[in-house]
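Quick note: the coordinates plus some simple rules give every number you see, no bench work behind them. Just so you know, these numbers come straight off a predicted model, no measurement behind them. Using ideal geometry, Cβ is built from the backbone for each residue, glycine included, and neighbour counts are taken over all protein chains shown.
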Amino acid sequence: MKKKVMALALGCVQLFPVLVFAAERIEHESHVHGLVDMTVVIDQDKVNISLDSPAMNMVGFEHKAESESDINKVHEVEAILKATSKLFAIRGADCEGEAVVVDISGLIGSDDHEHHHADLEAQYQFSCDNTDNLTGIDVLLLKEFPAIERINVEWISNDKAGAAQLTQDNSFIPLD
Ligand SMILES: [Zn+2]
């Protein structure tokens, strides 16, 4: 299977509407350490995945990264989150990661607000040959971040919708 990941700017016309939709859905979820919110939207031959996680689950802290070691840690996590083919295995369809956007602004960069908590967000888009026989997604990301206790998944496909709860021992989202 050929895997190619290309970072695209947020302004990408094709990608943007679905990602905004997913982000809006996720924004209302609560911030609980150990938990991650994930949305999967299958639209025709595209698979869109959104993640929203407390930074604690992945970086191990939630303060603004100012020391060199903290900044390095954030960029290390950013690189893991951009390695799409290591994070998700889509079963039953031949899919290629074609866009990834990782938002680390909760930890890096200036803003005026005093934060006690910070989130990391990531969005992925895959293009598949045919999603009709898609059986599910193995979320390998769990293995990269042992501090994640549970991922709450909501998914919508071309003709169905559902939810799943993933743990370190059960990383598979059945989609059929
Ligand atoms: Zn927190």
Here, GluC sites (Glu not before Pro) of the stretch 94-171 satisfying both criteria (DSSP loop; at most 12 other Cβ within 10 Å) are 114
Using only the Cα atoms of the stretch 66-145, build the gyration tensor, take square roots of its eigenvalues as a ≥ b ≥ c, and label the shape rounded, prolate or oblate: rounded if a/c is under 1.5, else prolate if a/b is larger than b/c, else oblate. prolate
Just check the stretch 16-174 against the gyration tensor rule for me: Cα atoms, a ≥ b ≥ c as the square roots of the eigenvalues, rounded for a/c under 1.5, and otherwise prolate or oblate depending on whether a/b exceeds b/c. prolate
Considering the dipole of the stretch 16-174 built from charges on the beta carbon (Lys and Arg +1, Asp and Glu -1) around the Cα centre, which of 34, 120, 110 is farthest to its positive end? 34
Suppose R0 equals 25 Å; then what is the FRET efficiency for residue 161 and residue 140 from their Cβ-Cβ distance, rounded to the nearest 0.05? 0.60
Simple SL model, points at 7 angstrom along Cα→Cβ for residue 89 and residue 71; separation in nm is 3.7
